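Q: Pasting a structure below so you can have a look.
The values are calculated or read from the model by the stated rules, or taken from the named source; none is laboratory data. Predicted model, so just to flag it, every value in this text is computed and none were measured. Cβ: placed from backbone, ideal geometry, glycine included. Neighbour counts: every protein chain shown.
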Amino acid sequence: MIKPGDCCTLLFARRFRCRPRNARGKRPQRKASRPLPARHKTETKTTQTIDNPLVSGGGTRGMPKEESMVADIDQFTIRRAYRRWAPVYDLVFGTLFDQGRQAAVAAAERVGGRILEVGIGTGISLQLYSACNRIVGIDLSPEMLRKARRRVAALSLINVEQLTIMDAEHLSFPDASFDAVVASHVISTVPHPLLALNECARMLKSGGELILINRVGADSGSRRTVEHFLQPLVRRLGWRTEFPWENFAGWISHRSDLRLVERRPVPPFGHFALLRFVKLAPRIAWQAATTGAIDQLGTIATSCASRRRSRATASSIASIAS
């Protein structure tokens, strides 16, 4: 039974959001708040750096860390950006990136066989491949892939083997599944570029080629300053402006199973490059790694010998002076 004074107490408690005391003079415990639905949860950005992202695989020991690139782009940002780009992507980038796209496809055609295109997007490059090659395309954006599937159906592209949603950093195909891997404007847009590069290399058979079209940022100067200034803005568009050549150079220097065979600029603006890497046979890769280790040991030995000579010279001069 509610007493007359209890109504005033309840109204006061509701007005000022306080908890009334019970009969024992204690306030009841708050109920635990219910967890938010899945749609309200946001992805947390990791600040962990990646060292040697592939535990297995040739030539990845001592991989450089991605300290400057970690957590500036995440998958949520990428999916949201390309969901917006999907309706107008061909209109905006179709002609702009056409020469680079054709150069990448021509390089893959010279290899032939089974070709994986990472970041297939709307499938704008699919019609450039010859019918004798088998094409597999992956992309992180469902909206972009939806347009690619419509293109395949409209053009009756029977050489397209598969189009599927997949993360470039975690490819689900077995090792050595493809003769060539093409990634146009992809590596500088993923959260962890080195991990994506290693996954692409893992897909290659011996003698296969990794073919990249990528923006190469400036190493220094005013252009580097502008790129640094624009990075927070273009990150929302799903890109990176700061991606200098040293990122590729550091990666390939730790891969004894790959060799850079071509690097040349492609339009637009001369800020993009075609890069071709060849996957070496295991024996050749082992010889390259051994030769590199021997050269490194020789350099260390030479440095130690020169230091000993310097110390001996210094000690003899000191003895003469005394």
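Q: Need at least 2 residues that are buried (at least 18 other Cβ atoms within 10 Å of the Cβ) and under 20 Å from the mean Cα position of the chain (by Cα) per element, so show me which strands (runs of 3 or more DSSP E) inside region 190-284 make the cut, counting only ones lying wholly within it.
A: So the answer is 204-215, 272-279.
Q: Condition first: at pLDDT below 75 and either within 22 Å of Gly119 (Cβ to Cβ) or of a type outside the set (Ser, Thr, Tyr) (or both). Can you find one or more residues in region 265-284 that meet it? Steps first, answer last, please.
A: At the first step, the residues of region 265-284 found to be at pLDDT below 75 are 283-284.
Subset that is either within 22 Å of Gly119 (Cβ to Cβ) or of a type outside the set (Ser, Thr, Tyr) (or both): 283-284.
Within region 265-284, one or more residues are at pLDDT below 75 and either within 22 Å of Gly119 (Cβ to Cβ) or of a type outside the set (Ser, Thr, Tyr) (or both).
Q: Turning to a different aspect of this structure: Return the only residue of Asn198, Asn159, Asn214 being among the polar types (S, T, N, Q) and more than 19 Å from His254 (Cβ to Cβ). Quick ask: steps written out before the conclusion?
A: Working: Asn198 fails: more than 19 Å from His254 (Cβ to Cβ); Asn214 fails: more than 19 Å from His254 (Cβ to Cβ).
So the residue among Asn198, Asn159, Asn214 that is among the polar types (S, T, N, Q) and more than 19 Å from His254 (Cβ to Cβ) is Asn159.
Q: What is the residue count in region 168-183 for residues that are buried (at least 18 other Cβ atoms within 10 Å of the Cβ), of a type outside the set (Phe, Trp, Tyr) and either farther than 21 Å from Ala81 by Cβ or at pLDDT below 95 (or both)?
A: Result for region 168-183: 5.
Q: Within region 86-132, count every residue that is surrounded by 19 or more Cβ atoms within 10 Å (Cβ to Cβ), farther than 21 Å from Ala273 by Cβ and either of a type in the set (Phe, Trp, Tyr) or more than 24 Å from the chain's Cα centre (by Cα) (or both).
A: Of the residues in region 86-132, 1 are surrounded by 19 or more Cβ atoms within 10 Å (Cβ to Cβ), farther than 21 Å from Ala273 by Cβ and either of a type in the set (Phe, Trp, Tyr) or more than 24 Å from the chain's Cα centre (by Cα) (or both).
Q: Could you look through region 133-147, keep only residues that are out of contact with any helix residue (DSSP H, G or I) (no Cβ under 7 Å at 6 or more places or on another chain) and assigned to a helix (DSSP H, G or I), and pick out the one that is surrounded by the fewest Cβ atoms within 10 Å (Cβ to Cβ)?
A: Pro142
Q: Within region 123-177, track down each residue that is in contact with a strand residue (DSSP E or B) (Cβ under 7 Å, 6 or more places away or on another chain) and of a type in the set (Lys, Arg).
A: Answer for region 123-177, where residues must be in contact with a strand residue (DSSP E or B) (Cβ under 7 Å, 6 or more places away or on another chain) and of a type in the set (Lys, Arg): Arg134, Arg149.
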